[in-house]
1. When the helix-only estimate is applied to the chain (DSSP H runs of n ≥ 4, each -39,500 (n - 2.57), divided by the residue count), what is the mean residue ellipticity at 222 nm, nearest 500 deg cm²/dmol?
2. Give the angle, between 0 and 90 degrees and rounded to the nearest 10, that separates the Cα long axis of helix 147-159 from the longest principal axis of the Cα atoms of the chain.
3. For region 211-368, give the percent of accessible area contributed by carbon and sulfur heavy atoms, probe 1.4 Å, rounded to a whole number.
4. 7 Å from Cα along Cα→Cβ at both THR58 and THR139: what's the point-to-point distance in nm?
5. So what's the gap between the Cα centers of region 3-73 and region 212-252, to the nearest angstrom?
6. If you consider only alpha-carbon coordinates, what radius of gyration and Dmax does region 115-174 have, in Å?
7. Quick check for me: using +1 on Lys/Arg Cβ and -1 on Asp/Glu Cβ, what's the dipole size of the chain about its Cα centre, in debye to the nearest 20?
8. Quick one: check the C-alpha center-to-center distance for region 314-383 versus region 390-415, whole angstrom.
Amino acid sequence: MVTSGELARLLGSWEGSGPGYASLAAALRVLVLDGRLPLRARLPSERELAAVLGVSRTTTSAAYDLLRGEGYLESRRGSGSRIALPTGGVADRELTLQPHSGDAEGAIDMAVAAMPAPGAMVDAVEGASRDLAGHLGGTGYDPFGLPSLRRAVAAQFDERGVPTTEDQVVVTSGAQHGLTLLLDVLLAPGDPALVESPSYPNALAAFRRAGARFVPAPIGPAGWDMEHLAAAFREQVPRVAYVLPDFQNPTGFLMADDDRRSLVDAAGRAGAHLVVDETFALLDLEPWRPRPRPMAAHDRDGRVITVGSMSKSFWGGLRVGWIRCSPPLVRRLARARAAIDLATPVLEQLVTERLLRVSGPVIDERRRLLSERRDALADALRHHLPAWRFAMPRGGLCLWAEMERPEAERLAEAAAAEGVHVVPGPTFSPDGTLDRHLRLPFTQPPDRLEEAVVRLAAAERRLRLGAGERPRWDRIA
């Protein structure tokens, strides 16, 4: 249920130059398409909303009628009006990691936010190969992970102001494996799970496979809506909440310290486990600015569970991650993983341990490259697609662009015909909204990023003109 007061706050200054009912319907439609009104949420009655907004019931009734006719509202006698989508929403979306190898030469893949391995990887692999000899006498099956790597991960938390011991860390085969393992232990089918909207698509897929019931927490143009989050914890009482407070994927937002403390407190009052994904945490492109403390620094009763990995900061092909949580939960996770993968490969753990020793220079180089590429992508968008809006991310790997119209999925199809692959906003939504947005990674060289934006601009023109003919690939350099 969305209360009349909350809806009035979300609507803000909704009045336009046309009829009042049309302006109100348009404002409500935007809230639905942007994901700030969750699907199937019940709206206040026409009379109640009219009283709060200070308009006649005729205005709210006509606005609701218009939205019903368009498919954005469904009404049943005795149960009020609920948010819907004309398409019915999307039940199952995943972000594919398959390369577009079958496409014509010259295609630009903007679908995956990842970078090649750093130069330090070669030395780390060579050193780890030598280290491996000392482990060959064992079985290689350690569901907790190598003690030396667990200590190295704990030391990194210590350096960030979160005292951590080895028995609070379990090594995983990447962050996605870690999340899947956590959901296997913490969540039962039908349990409510609070997730951000937008959020990482493969994380959403993991929750779907666990049978979770989504409680979407919309992220607006300015970041997290803390009032909505607090209400969701209070009213929906989720079993698990999943958040990315550090350079959120896909928006790039960084959660403020006070908001982190409020979120931990709200989770504690609801008795929820707060799963914090720190996959992007090291990729601060403006490290000279004050940085909020890790979410776990606000934890007093073991509710915060931190997931990290090597994939975004170092290399996606190094499938090593970790979970920091209470020692009893570490033991439960180690027992449960026997049904999934037994243990993380020893050689990859040794490579990770060596990379963590030289993480400072590696991350500094990453920051230099990504800062240059982020700025190049932003400049190209301002020049070639000036009507698109975005907030300049302080870190991470992605820029979250907002188009003028809700046609991101159509644009993605048109862009593929122009030779650039992008992921539309609904892929990042738990309920199929956000069709005015695209995620644009800035992981490629500046010239490739500008060419990608040039092709996106051509794709947008293709939509405007209604053209359907594919370009001649032999004419594209």
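The values are calculated or read from the model by the stated rules, or taken from the named source; none is laboratory data. Because the structure is a prediction, the values reported are computed rather than measured. A quick note on method: Cβ atoms are made from the backbone with ideal geometry, for glycine too, and the neighbour counts reach across all protein chains shown. Keep in mind that these areas ignore ligands, DNA and RNA; they rest on the heavy atoms of the full protein, side chains included. Shrake-Rupley method; radii C 1.70, N 1.55, O 1.52, S 1.80 Å.
1. Working: 15 runs with 194 residues, N = 477.
Helices in the chain give a 222 nm mean residue ellipticity of -13000 deg cm²/dmol.
2. Roughly 50 degrees between the two axes.
3. Details: 3160 of 6050 Å².
Carbon with sulfur: 52 percent of the solvent-accessible area.
4. Roughly 7.9 nm, to one decimal.
5. Centre-to-centre distance over Cα atoms comes out at 22 Å.
6. Cα-based Rg and Dmax for region 115-174 come out at 13.8, 37 Å.
7. Details: 58 positive and 60 negative charges, 184 e Å.
Magnitude of the dipole: close to 880 debye.
8. What the calculation gives is 25 Å, centre to centre.
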